[in-house]
1. Can you pull the percent of segment 45-96's accessible area that's carbon plus sulfur, 1.4 Å probe, other chains left in place?
2. Considering only protein heavy atoms, what per residue accessible area in square angstrom results for segment 30-72 with a 1.4 angstrom probe?
3. Please list, in order, the residues from segment 77-115 whose amide nitrogen is less than 18 Å from a point placed 7 Å along the Cα→Cβ vector of residue 29.
4. Over the chain, what number does the Rg to Rh ratio reach, with both radii from the alpha-carbon atoms and Rh per Kirkwood?
5. If I stretch the segment between residue 3 and residue 114 completely, what's the gain in nm (0.36 nm per residue apart, minus their alpha carbon distance), one decimal?
6. Would you kindly state how much longer the chain becomes between residue 107 and residue 66 on full extension, computed as 0.36 nm times their sequence separation minus their alpha carbon distance, in nm to one decimal?
Amino acid sequence: QVQVVESGGGLVHPGGSLRLSCAASGSIFSINVMGWYRQAPGTQRELVAAITSGGMPRYSESVKGRFTISRDSAKNTVYLQMNSLKPEDTAVYYCNANAGGKGYWGQGTQVTVSS
């Protein structure tokens, strides 16, 4: 079993920045990929960024160049640095840990980009 807890959401103006954190606990040795997803009202949950246990990142086209995913293995934490935020980035952001072929989700954190 793996548990993940997100933090760091909030309200920000367009062009601003936020950093999300996702702390993992439990059977962390079995995690091979951790990712950030988001879901806006009336839309499907979509992948934003992911990082492998080896540190290889990947991004959706909509955030490439603006968002950076990173991990601190000592703290069992993954971060999502979000810069140049746009109103269309407004969504609930969820952390996911893939371990042993199973996905474990956090409760989500709201990010609102508005003037």
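The values are calculated or read from the model by the stated rules, or taken from the named source; none is laboratory data. Quick caveat: nothing in here was measured; it's all calculated off a predicted structure. Cβ atoms come from the backbone with ideal geometry, glycine included; neighbour counts cover every protein chain shown. Please note that ligands, DNA and RNA were not included when accessible areas were found on the heavy atoms of the full protein model with its side chains. Shrake-Rupley method; radii C 1.70, N 1.55, O 1.52, S 1.80 Å.
1. With neighbouring chains kept in place, the figure for segment 45-96 is 49 percent.
2. For segment 30-72, the per-residue accessible area is 55 Å².
3. Hits in segment 77-115 for residue 29 at 18 Å: 77, 98-102.
4. Radius of gyration relative to Kirkwood radius: 0.95.
5. 36.9 nm
6. Taking 0.36 nm per residue and subtracting the Cα distance, the gain is 12.4 nm.
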